[in-house]
Amino acid sequence: MSTLFVDTINEKTSNSGVAIPGHVIQTVSYNIGQGSPAFSSSTTVTVGSGQTVIIGSGTITPKYSTSKILVTGFNTVHANTGYTYMRVMRDSTIIQTPGNAVGYQHASGTRISIPVYILDTPATTSQITYSHRVDYHGGTVNMIYNYGSCNLTLLEIAQ
């Protein structure tokens, strides 16, 4: 068995970058009040049946087109009536509906935390916006954003 000791690793070609497969290249994290839209801790949004709202987003610009993006986070949904389900979007495309595809049922005043773990392959070095979108159905719903209830962390992973 051999041991390799180094103090620095230099690129062979300047500005080409060193990407070690499986390692995190960059991390970007957004909490409620950051990203777009920037909700305060007491924001309430009222929407009717069939409407949608973006409740947290963040951007990342991959360094390599071969990278994967690990999208993690959670969203706390507090609805008074009706039912909702959360979508995770890459720009304007739905990439996943975490959990039950038919949606999360809510009784009056129910608060549910929905975790997000998605490994995405965007195949680009252009800026990407990932967001949480909530779709409402079955009545008017008041969404209450509080207690740091939205977090989105984006990790670029080298391949």
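Observations, loosely collected:
- Nitroxide proxy distance, nm - points 7 Å out along Cα→Cβ at THR121 and THR66: 1.3 nm
- Accessible heavy-atom area order of HIS23, HIS132, highest first, probe of 1.4 Å: HIS23, HIS132
- Where TYR117, TYR64, TYR85 fall by accessible area, highest first, once all protein chains stay in place (1.4 Å): TYR117, TYR64, TYR85
- ILE54-VAL18 pseudo-label distance in nm [points 7 Å out on the Cα-to-Cβ vector]: 3.7 nm
- For GLU11, solvent-accessible area (1.4 Å; no DNA, RNA or ligand), Å²: 70 Å²
The values are calculated or read from the model by the stated rules, or taken from the named source; none is laboratory data. What you are looking at is a predicted structure, and each value in this text was computed from that prediction instead of being measured. Quick reminder, even Gly has a Cβ in these numbers, built from the backbone with ideal geometry, and neighbours come from all protein chains shown. Calculation scope for accessible area: heavy atoms of the full protein, side chains included, ligands and nucleic acids excluded. Shrake-Rupley method; radii C 1.70, N 1.55, O 1.52, S 1.80 Å.
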